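*Asks:* Before I ask anything, here is the structure I am working with.
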Amino acid sequence: MSDNNPYIPMPVQIAKITNEVDTNDIKTFRFTFLNKEDEEKFKYTPGQFGELSIYGKGESPIGIASSPTELGYVEFTVQRAGTIVPGLVTAALHDLDEGAQIGLRGPLGNSWPIEFLENKNIVVVGGGFAFTTLRSLINYMLYKDNRKRFGEITVVYGARNPGLLLYKDELAEWEKRDDIKTIITVDKGNETWKGREGFVPAVCKDTAPSPKDAVAVICGPPIMIKFTLPVFFELGFSKENILTSLEMRMKCGIGKCGRCNVGSQYVCKDGPVFSLAELDQLPRDF
């Protein structure tokens, strides 16, 4: 991407496609950069996003799912939204094969506040498809050179059913580790599911993470967040220590189109990551 023109995308190639769910509508795309200088310039932090451009179709803002500790590529987990606008780009991306080339602008937006999280216990709560940038954060914190910078890490992740859980291999690996507490739940299991059943808010209440020296990072469907936040308030977490992401409000990525505007803030530039205390200062239209 040109240093002087933020509208020009970098050329990237699809190196790997992973189908994440049984419904075949969520895939993780691994991209490699065609130009080494673009790869070197694409320095991102967990929580940021990029604009994926499909030539002749348009572009779509997507959160970065890989960790910056994973070198040589960048990954995005994309849900196929539909065959008409606004799902035109994601549908076109899902129809591409490995080896295809697209455009990428970014990294864009702010990130999970890594310095603020250091030396604290981290509680990560995710639901459904909104687990993508949380995965980036978790893998960043678990990286061998980073793990000592953070306290206890607790992850609560839920989906409607086992077939809709993302990153199943990674979840299994996290469950085996002794430096992270991983709690996986589904609303309703099937005949092969041997794990926990229950909604994320109830599981968080049962788990009851301590608010002492802790920060909660919460992303998920609005209904999940609505019923999860009161649990964390009851546990004693302050609004300053609860973080979320307004990813659904991302638009052009550079605050020029104005469609991400919430009060005095532009989600594409000032966000998408905010604390609840910061969101309290904004109009209730997000």
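The values are calculated or read from the model by the stated rules, or taken from the named source; none is laboratory data. Everything numeric in this text was worked out from a predicted model, so none of it was measured. Cβ sites come from the backbone with ideal geometry, for glycine too, and all protein chains shown count toward neighbours.
*Asks:* Report whether or not ASP25 is under 25 Å from GLY163 (Cβ atoms) and surrounded by fewer than 15 Cβ atoms within 10 Å (Cβ to Cβ). Don't jump to the end; show me each part of the working.
*Replies:* Values: under 25 Å from GLY163 (Cβ atoms): yes; surrounded by fewer than 15 Cβ atoms within 10 Å (Cβ to Cβ): no.
No.
*Asks:* Since TYR73 meets every condition but one in (1) surrounded by 18 or more Cβ atoms within 10 Å (Cβ to Cβ); (2) in contact (Cβ under 8 Å) with a residue 40 or more places away in the chain; (3) among the hydroxyl-bearing types (Ser, Thr, Tyr), which condition does it not meet?
*Replies:* For TYR73, the failing item is (1).
*Asks:* Next question, about the same structure. How many of the residues making up the range 228-271 are more than 20 Å from TYR7 (Cβ to Cβ) and either at pLDDT 85 or above or among the small types (Gly, Ala, Ser) (or both)?
*Replies:* So the answer is 21.
*Asks:* State whether the residues of the range 253-266 include one that is basic (Lys, Arg) and in the same structural domain as ILE153 (by TED's automatic domain parsing). Don't jump to the end; show me each part of the working.
*Replies:* We begin by selecting, within the range 253-266, every residue basic (Lys, Arg); these are 256, 259.
In the following step, the residues that additionally are in the same structural domain as ILE153 (by TED's automatic domain parsing) were identified as none.
There is no residue in the range 253-266 that is basic (Lys, Arg) and in the same structural domain as ILE153 (by TED's automatic domain parsing).
*Asks:* Over 22 Å from LEU137 (Cα atoms) and buried (at least 17 other Cβ atoms within 10 Å of the Cβ) - does that describe any residue in the range 12-20?
*Replies:* Yes, there is a match, as at least one residue in the range 12-20 is over 22 Å from LEU137 (Cα atoms) and buried (at least 17 other Cβ atoms within 10 Å of the Cβ).
*Asks:* Now for a different question. Any idea which of (1) closer than 26 Å to ILE225 by Cα; (2) not assigned by TED's automatic domain parsing to the domain that holds GLU170 is the one VAL123 doesn't satisfy?
*Replies:* (2)
*Asks:* Further question on the same structure: Does VAL203 meet the test of being without any contact (Cβ under 8 Å) to a residue 40 or more places away in the chain, in contact with a Lys or Arg (Cβ under 9 Å, 6 or more places away or on another chain), of a type in the set (A, V, I, L, M, F, W, C) and not assigned by TED's automatic domain parsing to the domain that holds ASP38?
*Replies:* no
*Asks:* Every residue in the range 135-171 that is small (Gly, Ala, Ser) and either outside the structural domain of VAL125 (by TED's automatic domain parsing) or surrounded by fewer than 18 Cβ atoms within 10 Å (Cβ to Cβ) (or both), please.
*Replies:* Residues of the range 135-171 that are small (Gly, Ala, Ser), as a first pass: 136, 151, 158-159, 163.
Selection gives GLY151, GLY163.
*Asks:* Within the range 96-106, work out how many residues are surrounded by fewer than 20 Cβ atoms within 10 Å (Cβ to Cβ) and either in contact with a Lys or Arg (Cβ under 9 Å, 6 or more places away or on another chain) or modelled with pLDDT under 95 (or both).
*Replies:* 1
*Asks:* Now for a different question. Could you list, in sequence order, the residues of the range 92-146 that are in contact with a Gly (Cβ under 8 Å, 6 or more places away or on another chain), farther than 19 Å from GLY63 by Cβ and among the small types (Gly, Ala, Ser)?
*Replies:* The answer is none; no residue qualifies.
*Asks:* How about the range 20-71: which of its residues are under 22 Å from CYS219 (Cα atoms) and aromatic (Phe, Trp, Tyr)?
*Replies:* Answer for the range 20-71, where residues must be under 22 Å from CYS219 (Cα atoms) and aromatic (Phe, Trp, Tyr): PHE29, TYR44, PHE49.
*Asks:* Still on this structure, I have one more. Which one is nearest to the chain's Cα centre (by Cα) among residues in the range 207-224 that are closer than 14 Å to THR244 by Cβ and touching a residue at least 40 places away in the same chain (Cβ under 8 Å)?
*Replies:* Taking the candidates together, the pick is CYS219.
*Asks:* When only residues in the range 107-130 that are modelled with pLDDT under 95 and in a helix (DSSP H, G or I) count, which is farthest from ARG160 (Cα to Cα)?
*Replies:* Step by step, filter the range 107-130, then rank; the result is ALA130.
*Asks:* Those residues that are at pLDDT 95 or above and among the acidic types (Asp, Glu), I need them from the range 1-23; list them, please.
*Replies:* GLU20
*Asks:* Further question on the same structure: Can you pull out the residues in the range 132-171 that are more than 18 Å from PRO222 (Cα to Cα), outside any helix (DSSP H, G or I) and hydroxyl-bearing (Ser, Thr, Tyr)?
*Replies:* Those that are more than 18 Å from PRO222 (Cα to Cα), outside any helix (DSSP H, G or I) and hydroxyl-bearing (Ser, Thr, Tyr): TYR143, THR154, TYR167.
*Asks:* Considering (1) at pLDDT 95 or above; (2) closer than 28 Å to LEU243 by Cα; (3) of a type in the set (A, V, I, L, M, F, W, C), say which one LEU34 fails and leave the rest.
*Replies:* (2)
*Asks:* Residues of the range 172-184 being among the hydrophobic types (A, V, I, L, M, F, W, C), buried (at least 18 other Cβ atoms within 10 Å of the Cβ) and not in a loop (DSSP other than H, G, I, E, B), which ones?
*Replies:* TRP174, ILE183, ILE184 - these are the residues of the range 172-184 that are among the hydrophobic types (A, V, I, L, M, F, W, C), buried (at least 18 other Cβ atoms within 10 Å of the Cβ) and not in a loop (DSSP other than H, G, I, E, B).
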